[in-house]
Amino acid sequence: MSDKDIEQEIQAKGLTAPRVTTDDLKANIAHTEIVKHVSVTGQVLRWAVLTTQNGFAVTGKPSCSVSSANDNSEIGEKIAIENAESELWPLMGYLLKQRLHDDRSDVWENEDDCRKALEGK
């Protein structure tokens, strides 16, 4: 199931809680760099290095053509980018969860505030 299909299903079910969308993921990518390596046996590997808006770089598993005769840069780059984006999703999910946590009104600044809340004061 593609990301687009998943988003359509989420919307069709009326789910509205905060979530990371494909648009969010794409908007967070400031720069994409492709690194190509040809092994001594002729395999062609490509990694995508995604640099996010805050400067953090993420890579995924490389695309790999077993034979250079089958290598296609367009396909290899697409696979490498998709693999790197797959690594970025959980990081953005963590960031969203942290932001939601930080925005909670029931998070106490210190132990005294926690005790007072538990005691109903």
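Every read-out reported here was derived from the displayed coordinates using simple, explicitly stated rules and does not represent laboratory data. Everything numeric in this text was worked out from a predicted model, so none of it was measured. Cβ placement follows ideal geometry from the backbone for every residue including glycine, while neighbour counts extend to all protein chains displayed.
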In whole Hz, the Karplus estimates of ³J(HN,Hα) for the range 22-36 (6.51, -1.76, 1.60; θ = phi - 60°; x where Gly or Pro) are 4, 4, 4, 4, 4, 5, 7, 8, 8, 7, 10, 10, 9, 10, 10
For the Cα atoms of the chain, what angle does the longest principal axis make with the long axis of helix 3-12, in degrees from 0 to 90, nearest 10?
-> 30 degrees
Once Lys and Arg are counted +1 and Asp and Glu -1 for all other residues with Cβ under 15 Å from that of Ser63, the total becomes -3
Relative contact order as a percentage, the range 21-118, C-alpha pairs under 8 Å and 6+ apart, gives 21 percent
Please arrange Val49, Val40 by counting, for each residue, the other beta carbons lying within 10 Å of its beta carbon, fewest first.
-> Val40, Val49
In sequence order, what are the phi-derived ³J(HN,Hα) couplings for the range 62-75 according to the Karplus relation 6.51 cos²θ - 1.76 cosθ + 1.60 with θ = phi - 60°, rounded to whole Hz, with x for glycine and proline?
-> x, 7, 8, 9, 4, 10, 4, 5, 9, 6, 9, 4, 4, 5
In whole Å, what three semi-axes, largest first, describe the equivalent ellipsoid of the chain built from its Cα gyration tensor (square root of 5 times each eigenvalue)?
-> 42, 18, 11
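Which loop trypsin sites (Lys or Arg not before Pro) in the range 18-102, with loop taken from DSSP, have no more than 15 other Cβ atoms within 10 angstrom of their Cβ?
Working: sites: Arg19, Lys26, Lys36, Arg46, Lys78, Lys97, Arg99; in loops: Arg19.
Sites meeting the loop and neighbour criteria: Arg19.
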